[in-house]
1. Is it fair to say Ile272 is aliphatic (A, V, I, L, M), touching a residue at least 60 places away in the same chain (Cβ under 8 Å) and touching a Phe, Trp or Tyr at 6+ places or on another chain (Cβ under 9 Å)?
2. Could you list, in sequence order, the residues of the stretch 40-69 that are modelled with pLDDT of 95 or more, part of a loop (DSSP other than H, G, I, E, B) and over 19 Å from the mean Cα position of the chain (by Cα)?
3. Scan the stretch 141-173 for residues that are in contact with a His (Cβ under 9 Å, 6 or more places away or on another chain) and modelled with pLDDT under 95 and report the count.
4. Taking the residues in the stretch 360-381 that are assigned to a strand (DSSP E or B) and over 18 Å from Leu316 (Cα atoms) as candidates, determine which candidate is nearest to the chain's Cα centre (by Cα).
5. Considering each residue of the stretch 295-345, count those that are of a type in the set (Val, Ile, Thr) and farther than 23 Å from Met56 by Cβ, and give that number.
6. Would the stretch 291-311 turn up any residue that is assigned to a loop (DSSP other than H, G, I, E, B), closer than 16 Å to Met73 by Cα and either of a type in the set (A, V, I, L, M) or in the same structural domain as Asn148 (by TED's automatic domain parsing) (or both)?
7. Let me spell it out: the conditions are (1) out of contact with any strand residue (DSSP E or B) (no Cβ under 6 Å at 6 or more places or on another chain); (2) modelled with pLDDT under 95, and Glu176 meets all of them except one. Which number is the exception?
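The values are calculated or read from the model by the stated rules, or taken from the named source; none is laboratory data. None of these values were measured; they are calculated from a predicted model. Glycine also receives a Cβ, built like all others from the backbone with ideal geometry; neighbour counts cover every protein chain displayed.
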Amino acid sequence: MARFKDEIMIIKNADIFTAEHKFVKGDAAVTDGRFADPSDWKEEDGKVLDAEGLYMIPGLVDIHFHGCMGADMCDGTKEALDVITKYEASIGVTSVCPATMTIAKEELRKVMKNAGDYEYNGGSHLVGINMEGPFISPAKKGAQAAENILHCDYEFFRELQSAAKGLIKLVDLAPEEPGAMEFIEKAKDETVISIAHTAADYDTAKEAIERGASHATHLYNAMPPFTHRNPGVIGAVRDSDKCHAELICDGVHIHPSVIRATFAMFGAERMILISDSMRATGLEDGEYTLGGQPVTVKGNLATLHDGTIAGSATNLMDCVRFVVREAGISLEDAVMCAAENPAKEIGIFEEAGSISAGKRADFVLLDKDLNIVGVYIDGREIAC
């Protein structure tokens with residue numbers, strides 16, 4: 001089949017992140033917006049991009065964040081999603097699964113329908129929704145609004161999933177709350193069940209996992225601490241090989257030593273880096289909101305007025321840089337945890353998360369200091 005030259009791109013001499021989680025110097029090819037076997041094409045067949053001295057990594061996948069650049073998922077508007085997908089693309093996050101909050105039921109219906117109706121507009125691909133609340137524990141609500149917390153309601157979830165046209169990829173819940181275990185058994189084959197905002201002990205969390213939960217939301221945050229006599233949720237997740245865990249690696253939520261210890265306990269294959277960013281991300285310090293509650297942002301620290309940490313003000317690419325520079329995690333593991341692992345977790349790995357023939361040509365070129373040189377979505381460079 002004939003191809004026009006502008007439909008084909010050959011990337012030469014890049015340090016490519018491979019399926020074996022290693023950087024190997026070589027070439028890559030893109031045709032019709034998808035990765036192709038570079039051996040099928042010659043330089044004269046298309047546009048040549050010399051990536052000498054650059055890392056080529058898959059576009060990152062953020063499965064837990066709320067907003068950026070003044071916009072929030074819970075704004076429930078097309079304009080907000082346009083802002084979010086444009087910004088995330090600019091910093092190398094090419095697939096997004098933004099999170100909702102514990103907001104009123106009618107607002108939640110609006111947010112889900114807005115996402116379900118959203119049409120791609122040139123930025124990051126909207127690949128899912130992380131339903132963070134309202135099925136959480138009042139005791140560990142964090143920055144969530146207590147007045148909107150509900151017991152698990154499978155029929156309400158089904159209503160929201162219908163409005164979202166199947167986009168709800170994760171449902172976060174507290175397993176100790178009434179109806180939670182029954183909800184897990186009903187919904188486990190329809191979405192990923194995540195243990196979140198919970199006061200559960202080890203045995204309760206372990207039971208939830210045995211019933212079908214397979215994910216932990218922002219490990220360490222909004223849950224009991226891990227101690228030698230009461231290992232709690234963290235111990236239960238650690239002991240369950242099928243369970244994967246998110247980490248907010250913004251330099252505020254988790255100390256670098258704990259990041260290292262967690263990678264050692266769990267293994268990189270089970271870790272998922274998230275930003276948990278709120279609408280202030282990408283903007284200056286000041287007063288903002290999260291889930292309708294006022295938030296003060298100073299540097300990377302975002303807090304409610306009572307001092308409760310309220311999400312982060314850091315994007316996922318900066319989280320990758322932080323774990324490499326400050327926590328001593330290898331770049332290979334960091335990329336796997338910010339691209340491949342989250343893509344697998346929400347069931348989009350056939351399309352995203354690695355540089356493999358047939359997948360969407362979403363990739364990022366980084367220099368050796370991890371600065372972005374170029375971001376490509378569907379094989380086309382976007383303005384950064």
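1. Numbers: aliphatic (A, V, I, L, M): yes; touching a residue at least 60 places away in the same chain (Cβ under 8 Å): yes; touching a Phe, Trp or Tyr at 6+ places or on another chain (Cβ under 9 Å): no.
Judged against the criteria, Ile272 is not a match.
2. Correct list: Ala51, Glu52, Gly53, Leu54.
3. The total comes to 3.
4. Residues of the stretch 360-381 that are assigned to a strand (DSSP E or B), as a first pass: 360, 363-366, 372-377, 380-381.
If we keep only those that are over 18 Å from Leu316 (Cα atoms) too, we end up with 360, 380-381.
Numbers: Arg360: 18, Arg380: 22, Glu381: 22 Å.
By that ranking, first place goes to Arg360.
5. Residues of the stretch 295-345 that are of a type in the set (Val, Ile, Thr), as a first pass: 295-297, 303, 308-309, 314, 320, 323-324, 329, 335.
So of that shortlist, the ones also farther than 23 Å from Met56 by Cβ come out as 295-297, 303, 308-309, 314.
Count: 7.
6. To start, the set of residues in the stretch 291-311 that are assigned to a loop (DSSP other than H, G, I, E, B) comprises 291-292, 299-300, 305-308.
Restricting the remaining residues to those that are closer than 16 Å to Met73 by Cα gives 291-292.
Filter once more, keeping what is either of a type in the set (A, V, I, L, M) or in the same structural domain as Asn148 (by TED's automatic domain parsing) (or both): 291-292.
Yes, that holds for at least one residue.
7. Just one mismatch for Glu176, condition (2).
So that you can scan it fast, the table gives a plain yes or no per residue for (1) farther than 17 Å from His218 by Cα; (2) surrounded by 17 or more Cβ atoms within 10 Å (Cβ to Cβ); (3) hydrophobic (A, V, I, L, M, F, W, C):
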position: Leu290; (1), (2), (3): no, yes, yes
position: Asp318; (1), (2), (3): no, yes, no
position: Cys337; (1), (2), (3): no, yes, yes
position: Val375; (1), (2), (3): yes, yes, yes
